[in-house]
Amino acid sequence: MTKLYSIGEILIDFIPRQKGVALKDVLFFERAPGGAPANVAAAVAKYGHEASMITKVGCDAFGDYLIEQLENIGVQTDKIFRTKEANTGLAFVSLKENGERDFTFYRKPSADLLFTENEVKENWFGTGDILHFCSVDLVESPMKQAHKRAIVLMKEKGGLISFDPNVRLPLWDNSEECRTAILEFLPQAHLVKISDEELEFITGISNTEEAIQSLFKGDVLAVVYTKGAAGAKLHVKGANWQSSGYKVDVQDTTGAGDSFIGGFLFKLLEEQATPKNLVQVLMERHAEILQFANASGALTAAGIGAISALPKKEQVLNLIEVQK
């Protein structure tokens, strides 16, 4: 069976129990497993396909908790390494009334940034596998070099590379460093998922269509442009398709974008997508793939937290049926 590999951060999200309160005024938080790559792996596993997390956590209680939570949902954790040199990363979140959020991170460094390229093994990946990554762990660190090696090895096996920039500017010394790192890695991906909030920042282009077309460089074959509740638009060279979002009572948007791309990649794994057939798969199955991804993201936003709010596959399919 083909498999999704997610590489990057895994951390604890501390979610406030009340909305519309500044982070400094929050009295009570609820602990939840998080980190965008881990959220994506969890979504794929929960929907029924094999998924593995590549990262490092501290030899601490939070690391124990994260591994336990991923195992409970079905994510393979044998490629999660442990270290005593740093603690597991933490993120404190404040929620606005509309469910949007702000983050404060504790990681200088966190354990995930100490994962090294030598710990990525040549025999991990196979044909038909997908490697997914984001930008948070592309800061100058051993983990950045580990990303480069994982991408090279996955491509040597004919696997698909998926990139969601998932911009988190508070984690960078300045915004230009973040943008530079994203532009360095973007051409190495076959599939790019980018949000309406990130597009102009990354490309420097205000016109949406021009900005999206500018992303087709290097190995990029497809771009998924997400617009929150308004749905998403899928682009390949010479064609594009729009898909509407689904109506839900939004509680917390944490992890909704990760659940979207997790649902999208789950469908690509079902279709046995590779760099050679990706465009053809998307041309033939774009409606079904986008519907599943949109419903996955919407249902996650209707819950609290990221991994803890992931819906079951049956719930996703039911929402698509009900809101036809």
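What follows is calculated from the coordinates using simple rules that are stated; it is not laboratory data. These numbers come from a predicted model, not from an experiment. All Cβ positions, glycine included, derive from the backbone under ideal geometry; neighbour counts span all protein chains shown.
See the values below:
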{"quantity": "Helical mean residue ellipticity (222 nm; -39500 (n - 2.57) per DSSP H run of 4+; nearest 500) of the chain", "calculated": "-10500 deg cm²/dmol"}
{"quantity": "Rounded FRET efficiency, nearest 0.05, which uses the C-beta distance separating residue 169 from residue 217 and R0 of 25 Å", "calculated": "0.60"}
{"quantity": "Cα-based shape type of the range 103-205, given that a ≥ b ≥ c are square roots of the gyration tensor eigenvalues and the cut on a/c is 1.5", "calculated": "oblate"}
{"quantity": "Overall form of the chain per C-alpha gyration tensor (a/c, 1.5; a/b vs b/c)", "calculated": "rounded"}
{"quantity": "Shape call, the range 218-324: gyration tensor on alpha carbons, a/c limit 1.5", "calculated": "prolate"}
{"quantity": "Approximate spin-label separation residue 230-residue 180, in nm, with each point projected 7 Å along Cα-to-Cβ", "calculated": "3.2 nm"}
{"quantity": "Theoretical gain in end-to-end length, residue 19 to residue 313 [0.36 nm per residue, Cα-Cα removed]", "calculated": "103.0 nm"}
{"quantity": "Where labels lie 7 Å past Cα in the beta-carbon direction, separation of residue 102 and residue 324 in nm", "calculated": "4.5 nm"}
{"quantity": "Within the chain, percent of DSSP bridges classed antiparallel, to nearest 5", "calculated": "40 percent"}
{"quantity": "Around residue 70: net Lys/Arg minus Asp/Glu count, Cβ-Cβ under 15 Å", "calculated": "-3"}
{"quantity": "Extended-chain gain in nm, criterion 0.36 nm per residue less alpha-carbon gap, residue 251 and residue 210", "calculated": "11.4 nm"}
{"quantity": "Percent of beta bridges antiparallel (DSSP, the range 1-110, rounded to nearest 5)", "calculated": "45 percent"}
{"quantity": "Contour minus Cα-Cα distance for residue 1 and residue 28 (0.36 nm per residue)", "calculated": "5.5 nm"}
{"quantity": "Charge tally in the Cβ shell below 12 Å around residue 44, where Lys, Arg are +1 and Asp, Glu are -1, residue 44 excluded", "calculated": "0"}
{"quantity": "Cβ charges +1 (Lys, Arg) and -1 (Asp, Glu), total dipole of the range 130-232, debye", "calculated": "480 debye"}
